[in-house]
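A quick write-up on the structure given underneath.
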Amino acid sequence: MKGILKRGSKKGLELTWTLGKVIFPVTLIVTILQYTPVLPWVMEKLEPLMGWIGLSGEAAVPLVLGNFLNLYAGIAAIISFEFTVKEVFILAVMLSFSHNLLIESTVAKRVGVSWWFVAGVRLSLALTSAALINVFWKGGGETAKYGFAPEKTPDPNGWTEIIFQGVQTAFMGIVQLALIVIPLMIFMQYLREKGWLDRFSGWVAPATRFLGMERNTSMTLVAGLTIGLAYGAGLMIQAVEEDGVSRKDMYLAILFLVSCHAVVEDTLIFIPLGIPVWPLLLIRLLTAIVLTAAVGFVWNRLQQKRKDPSNEHTYHSL
């Protein structure tokens, strides 16, 4: 047991260092940026787009903060304005698909998946879902009644306090990461050495097969679904290195998880906004399943055609 603890801790520390090198500078820069004219300028440019997806100009504020920072920043911004139930629901769906964009997309890049692929898919899903809800849902015109509000911290005074807050926020992000990743790696090491991972992969295999992936992606999917894309990335990196997950399967896994990750936590935190959360959960799950299964089906068919010797013979005869 001591050996498992030592090996798991070592992997956890290595992954914390790998991910921390991404999370710390991005968090620091974005935290500082919110006290500069940069974020207000971005919000101003986005205002004309808001009308196309059924939102008022003020909705640009939670969208930008949620995408540049995290869901909590987005929610804190939502309760600062008076929105209708429909607007809050659209914002919740958009932020569910697309939040913490810089960090989570950069972390996904460490697995070998293109930054632009992750960011592009998430933003496309957010905009498409917002447009569809705006067109098909005719209700929700009443003013949203918010529950408890996230605690608001006073704005820092001067650049020294701004930088200190940025460093503090980034450092606490690394501490939180370590508290999740290290125990997770120890647990995963135990499961791997005791043979439980193989059994679990067998149980989840039908679901991964339906989505067009091999069974060795099962733990990656479960990690991302439960603890999120950024924190689950540690398990993804390990899966690529040790389980031989292919490039195709990793892209499909990331495609599924950018649509639907940390599904319980990310859904529950919207409850105080007074919107129906079950439709929010179903939209994310169905989008992830349908999109990944469709892409996986097409990708696998194309791979089979390339491997089919009859296709090569036809090509050479031509």
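In this structure the amide hydrogen of residue 111, modeled in the peptide plane, comes within under 5 Å of no amide hydrogen from residues 5 or more places off or on another chain.
At 20 °C and 1.002 mPa s, what whole-number value in µm²/s does Stokes-Einstein give for the translational diffusion of segment 150-229, with Rh from the Kirkwood sum over Cα pairs?
Details: Rh = 15.8 Å.
Rounded to a whole number, D works out at 136 µm²/s.
Once the mean of 1/r is taken over each pair of separate Cα atoms and inverted, segment 175-216 shows a Kirkwood hydrodynamic radius of 11.6 Å.
Here the convex hull built on the C-alpha positions of segment 30-158 has a volume of 114 cubic angstrom per residue.
Around the amide H of residue 84, modelled in the peptide plane, lie the amide H atoms of 144, all under 5 Å away and 5 or more residues distant in sequence or on another chain.
Per residue, the Cα convex hull of segment 85-222 amounts to 204 Å³. Scanning residues 5 or more positions from residue 70 or on other chains, those with amide H under 5 Å from its amide H are 100, with H placed 1.01 Å from N in the peptide plane. Taking the protein heavy atoms of the chain in the context of the full set of protein chains, the accessible area attributed to carbon and sulfur is 67 percent at 1.4 Å.
Can you give me the accessible area per residue for the chain, using a 1.4 Å probe, in Å²? The partial results should precede the final answer.
Working: 16530 Å² over 318 residues.
Spelled out: the 1.4 Å probe surface of the chain, per residue, equals 52 Å².
At full extension, residue 199 and residue 167 could sit 7.2 nm farther apart than now, given 0.36 nm per residue minus the alpha carbon distance.
Any chance you could list the semi-axes, whole Å, largest first, of the equivalent ellipsoid that the Cα gyration tensor gives for segment 263-308, using √(5λ)? Working shown, then result.
Working: eigenvalues 265, 13, 4 Å².
Gyration-tensor ellipsoid for segment 263-308: 36, 8, 5 Å.
Once both labels are positioned 7 Å from their Cα atoms along Cα-to-Cβ, the gap between residue 138 and residue 124 label points is 3.2 nm. Apply the Debye scattering formula to the chain, with a single equal point scatterer on each alpha-carbon and no solvent, then give log10 I(q)/I(0) at q = 0.08, 0.16 Å⁻¹. With no solvent term, the Cα-only Debye profile gives -0.41, -1.36. Normalised by 2.2 N^0.38 Å, where N is the number of residues, the C-alpha radius of gyration of segment 3-106 stands at 1.35.
The values are calculated or read from the model by the stated rules, or taken from the named source; none is laboratory data. Treat the numbers as computed from the prediction; the structure is a model and nothing was measured. All Cβ positions, glycine included, derive from the backbone under ideal geometry; neighbour counts span all protein chains shown. Ligands, DNA and RNA are excluded from the accessible area calculation, which covers all protein heavy atoms including side chains. Shrake-Rupley method; radii C 1.70, N 1.55, O 1.52, S 1.80 Å.
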